[in-house]
Amino acid sequence: MYIRSIFFLVLLLCCTSSVLSAKDKDDENTLLKIKKQLGDPYSLRWWVKGFDYCNASANVATEYSYITCTSTGRVKSLVLHNLDVTKPFPDGICGLTEMEYTEISQIPGLYGPIPSCITKLSNLVLLGIMKTSLSGPVPDFSGHTKPTNLTSINLSGNQLSGTIPPSIFTLPNLDSLDLSSNSLTGTIPPGVLQTKNPSLGLANNSLTGELPKSYGSVDFWLIDVGGNQLSGDASFLFGKQKTAVNIVLANNEFEFDLSYVEFSDKIYGFDLSHNKIYGKVPDSFATAAGLYYPNLSFNKLCGELPKGGNMWRFSPAVFAHNSCLCGPPLPSCSNSAPAPAPASP
């Protein structure tokens, strides 16, 4: 799943400076501490005492790390990826108190919990820790010093467990949350991301229960909860005025009548496959101007497909393995049993 992560774009646009301050020495010592906690990997060999890590000409981005600084010489952003280490997460990172952007990714040897102190980095705007072997809970952001400017959290592709902390939805500017591909359990908390068109990724966990009804009032840009054990009604995610571009509910136990769902012209794709969705495919499916990548396969849908409109875009695979769908691009309805009348909304 694609979640709006702009880490590298932002990092490349961040200003750098060769100005050194007294505080800069503290950050230098913190970086050396992080390096030591990671076992002094060869890929960070240029992290040595006295190195001007704020100097743009010296601090060339490598496949392993990248640093930018504020105008006063403090570490503003830190990227670490593809390191060949087998170590716990370095809690020294919490000493970079002016840091706004960090991405720690593709380090499968990184293990242990995410230190709780990371939630006290009050200047954080973007937090990314992806594709590691980190375990334990998702950090709790209920403290008084939580980063209220945080706009993006990506903790996907780890081994995090436990439930989703409700406090994560209290971050007032959080626009993108990706907790997909972990081992999270329990129900989804009722809180919602508070920005205008947020992105939410909870795919490939072991979440149960129903989607919070409060999600019906959210205009998601993208929501992906596929590959869980969720059930009940999710039709409230759709609507003629909704602005969602992509909705993924695949591989769950959702059960609702599709007959009365209205598809927005804004929606580009959705995946409702491998659920228990019933009823007919509504006419708005054929008239949704922006729809190119739907998937309704492996459900309990029945009846004649809508005619005309944009139906020419869709292959038979979109509708495969349902109860009794018929009509182009599927075989004719002439030899099919009549569809049951849809239930009242």
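With only Lys, Arg, Asp and Glu charged, each at its Cβ (+1 for the first two, -1 for the last two), find how big the charge dipole of the chain is about the Cα centre; round to the nearest 20 debye.
260
Pairs Lys146/Lys240; Lys240/Lys307; Lys25/Lys146; Lys49/Lys87: which are spaced more than 28 Å apart, C-alpha to C-alpha? Write down the numbers at each step before the final one.
Values: Lys146/Lys240 37 Å; Lys240/Lys307 19 Å; Lys25/Lys146 25 Å; Lys49/Lys87 22 Å.
The pairs that break the limit, which is 28 Å between Cα atoms, are Lys146/Lys240.
Tell me, Kirkwood radius of the range 111-178 from alpha-carbon pair distances, in Å?
One decimal place: 12.0 Å for the Kirkwood radius.
Along the Cα→Cβ direction, 7 angstrom out, place labels at Glu63 and Thr145. What is the inter-label distance in nm?
3.8
Based on a Kirkwood Rh over C-alpha pairs, give the Stokes-Einstein translational diffusion coefficient of the range 62-156 at 20 °C and viscosity 1.002 mPa s in µm²/s.
On the way: Rh = 13.5 Å.
The Stokes-Einstein estimate is 158 µm²/s.
Using unit Cβ charges (K, R positive; D, E negative) and no other charged atoms, how large, in debye to the nearest 20, is the dipole of the range 202-345 about its Cα centre? It would help to have the intermediate numbers written out before the result.
Numbers: 9 positive and 12 negative charges, 50 e Å.
Roughly 240 debye, rounded to the nearest 20.
Beyond 27 Å, how much of the Cα-Cα pair distribution for the range 108-241 remains, as a whole percent?
Numbers: 1369 of 8911 pairs.
Across the range 108-241, Cα pairs with separations above 27 Å total 15 percent.
Distance from the Cα centre of the range 173-214 to that of the range 89-151, in angstrom?
Between the Cα centres of the range 173-214 and the range 89-151 lies a distance of 18 Å.
When you have a sec, figure out the Kirkwood radius of the chain from all distinct Cα pair distances and drop it here in Å to one decimal?
When all Cα pairs of the chain are included, the Kirkwood radius is 22.1 Å.
Give me the Kirkwood hydrodynamic radius of the range 190-303, using the inverse of the mean 1/r over all pairs of distinct Cα atoms, in Å to one decimal. Don't jump to the answer; show the numbers that get you there.
Numbers: mean 1/r = 0.0716 Å⁻¹.
In the range 190-303 this quantity evaluates to 14.0 Å.
Mind checking the angle between helix 22-37 and the chain's longest principal axis? C-alpha axes, 0 to 90 degrees, to the nearest 10.
For helix 22-37, the angle is close to 70 degrees.
If you count the DSSP beta bridges with both ends in the chain, what percent of them are antiparallel, to the nearest 5? Display every interim value, and only then the final one.
Details: 5 of 58 bridges.
That works out to approximately 10 percent antiparallel.
Just grab the label-to-label distance for Lys213 and Thr185, each label 7 Å out from Cα along the Cβ direction, in nm (one decimal).
With each label point 7 Å from Cα toward Cβ, the separation is 2.8 nm.
Label-point separation (nm) for Ser332 and Ser206, each offset 7 Å from Cα along Cα-to-Cβ?
Result for the modelled spin labels: 5.1 nm.
Can you give the local net charge around Asp52? Use residues other than it whose beta-carbon is closer than 14 angstrom to its beta-carbon, Lys and Arg +1, Asp and Glu -1. Let's see the in-between values first.
Numbers: positive: Lys25, Lys49, Arg74; negative: Asp24, Asp27, Glu28.
With Lys, Arg at +1 and Asp, Glu at -1, the net is 0.
Each value in this text was obtained by applying a stated rule to the coordinates, not by laboratory testing. Note that the structure is predicted; figures quoted are calculated from it, not measured. Using ideal geometry, Cβ is built from the backbone for each residue, glycine included, and neighbour counts are taken over all protein chains shown.
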